[in-house]
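Note sheet for the following structure.
The values are calculated or read from the model by the stated rules, or taken from the named source; none is laboratory data. Predicted model, so just to flag it, every value in this text is computed and none were measured. Note that we place each Cβ from the backbone using ideal geometry, even for glycine, and neighbour counts take in every protein chain shown.
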Ligand code: PMV
């Protein structure tokens, strides 16, 4: 991981006017996203610059809604899902540190109110949609009028995968090569896939023992398999884009599943080993493999946690709902 001297504040400052023009209120929504080609590994931990490019599909109306307003009693307030959080909580600190990049020392106490409509049963991380929604709300609140690619770069500094949540549909995040990361931004693909379904299968809602940031770092530092990852991710990205272009579901599903398994292989070969799976995760994988043997076109992907995201098309919906009664179904292109 390179350690350049460029920090978040120095990158942001180049895009802001000297005088801020805060409004009284702003709100924004950003969708959550599921990576088909994963982001795993940072080449710069300060700016969240990735080792590889990645590709995701957004979860349409499921994500984070963030409201920013003035705080009348002079102190910042952070709310999450209708609860006031203590100012020293992890979440509050991350939010306020991010807000400070834009407030730049000016005394503008704020209330930042975030609501996630991702079903609580889904077991999905909300940092991607959370930072993207916060970035969009800050852009409006301070009348910044930043380009979408700049918003993507800034959201990335909150959480890497948030760069992709600035957009909807299929989204590619290019790793970029600049030291300041301003070419490490996401963009939306033109393709839509109306029949595509994502099935969320939650096997546990326990907090993950090792967060993505530490997991990536441990993998880079200790896994002998990790050096093969950037090349694998690069070729998977090409295969996935081709599959999406041709609406070739088997190619898309197989490549996404292989990509997720390869990422998990790098995690498992880290030391100490990073095994995010639970016995129930493996049981669901086996059920998916059996269903495929039986002719059902279903694949899965998994992030740094034990829950699975099934990929299938509407033709398989009813059989899969019977097989996995707890599954929550999202149709990203259904509108
Ligand atoms: O954006 P982060 O720091 O939460 O990392 C996300 C990492 C994965 O979810 C495992 C993969 C991805 O591309 O979303």
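In this structure, residue 137 does not qualify as buried (at least 19 other Cβ atoms within 10 Å of the Cβ), modelled with pLDDT under 95 and in contact with a strand residue (DSSP E or B) (Cβ under 8 Å, 6 or more places away or on another chain). Within segment 190-220, the set of residues being crowded, with 17+ Cβ neighbours inside 10 Å, under 27 Å from residue 244 (Cβ atoms) and either more than 12 Å from the ligand (Cβ to nearest atom) or free of Cβ contacts under 8 Å to residues at least 60 places away in the same chain (or both) comprises 193, 196, 197, 198, 199, 200, 201, 202.
Picking from residues in segment 19-48 that are closer than 22 Å to residue 216 by Cβ and over 15 Å from the mean Cα position of the chain (by Cα), the one that is surrounded by the most Cβ atoms within 10 Å (Cβ to Cβ) is 47. Taking segment 172-186 on its own, how many of its residues are surrounded by fewer than 24 Cβ atoms within 10 Å (Cβ to Cβ) and touching a strand residue (DSSP E or B) at 6+ places or on another chain (Cβ under 6 Å)? Counting residues in segment 172-186 that are surrounded by fewer than 24 Cβ atoms within 10 Å (Cβ to Cβ) and touching a strand residue (DSSP E or B) at 6+ places or on another chain (Cβ under 6 Å) gives 2.
If I ask for residues that are under 20 Å from the mean Cα position of the chain (by Cα), surrounded by fewer than 20 Cβ atoms within 10 Å (Cβ to Cβ) and within 19 Å of residue 198 (Cα to Cα), which ones from segment 221-247 would you list? Hit for segment 221-247 is 241, nothing else. Checking segment 248-263 against the condition returns no match, with no residue being within 22 Å of the chain's Cα centre (by Cα), free of Cβ contacts under 8 Å to residues at least 12 places away in the same chain and closer than 18 Å to residue 193 by Cα.
The sole residue among 331, 286 that is more than 16 Å from the ligand (Cβ to nearest atom) and out of contact with any strand residue (DSSP E or B) (no Cβ under 9 Å at 6 or more places or on another chain) is 286.
Residue 111 meets all of the listed conditions (1) on the phi < 0 side of the Ramachandran plot; (2) under 23 Å from the mean Cα position of the chain (by Cα); (3) part of a strand (DSSP E or B) but one, namely (2).
Just one of the listed residues (270, 256) is within 16 Å of the ligand (Cβ to nearest atom), touching a helix residue (DSSP H, G or I) at 6+ places or on another chain (Cβ under 8 Å) and assigned to a loop (DSSP other than H, G, I, E, B), namely 270.
Checked against the criterion of being within 24 Å of residue 95 (Cα to Cα) and not assigned by TED's automatic domain parsing to the domain that holds residue 252, the candidates 176, 160 yield just one match: 160. The combined condition, being crowded, with 17+ Cβ neighbours inside 10 Å and not in a loop (DSSP other than H, G, I, E, B), is not fulfilled by residue 96.
Scanning segment 49-69 for residues that are surrounded by fewer than 24 Cβ atoms within 10 Å (Cβ to Cβ) and within 16 Å of the ligand (Cβ to nearest atom) turns up 51, 52, 53, 62. The residues of segment 36-48 that are more than 9 Å from the ligand (Cβ to nearest atom) and not in a strand (DSSP E or B), listed by number, are 41, 45, 46, 47.
For residue 16, indicate whether it is more than 16 Å from the ligand (Cβ to nearest atom), assigned to a loop (DSSP other than H, G, I, E, B), assigned by TED's automatic domain parsing to the domain that holds residue 175 and within 17 Å of residue 155 (Cα to Cα). Yes.
Regarding residue 281, is this residue over 22 Å from residue 193 (Cβ atoms), in contact with a strand residue (DSSP E or B) (Cβ under 7 Å, 6 or more places away or on another chain) and not assigned by TED's automatic domain parsing to the domain that holds residue 40? Considered against the rule, which asks whether it is over 22 Å from residue 193 (Cβ atoms), in contact with a strand residue (DSSP E or B) (Cβ under 7 Å, 6 or more places away or on another chain) and not assigned by TED's automatic domain parsing to the domain that holds residue 40, residue 281 comes out as yes.
Checked against the criterion of being surrounded by fewer than 20 Cβ atoms within 10 Å (Cβ to Cβ) and either closer than 30 Å to residue 216 by Cα or free of Cβ contacts under 8 Å to residues at least 12 places away in the same chain (or both), the candidates 288, 329, 319, 284 yield just one match: 329.
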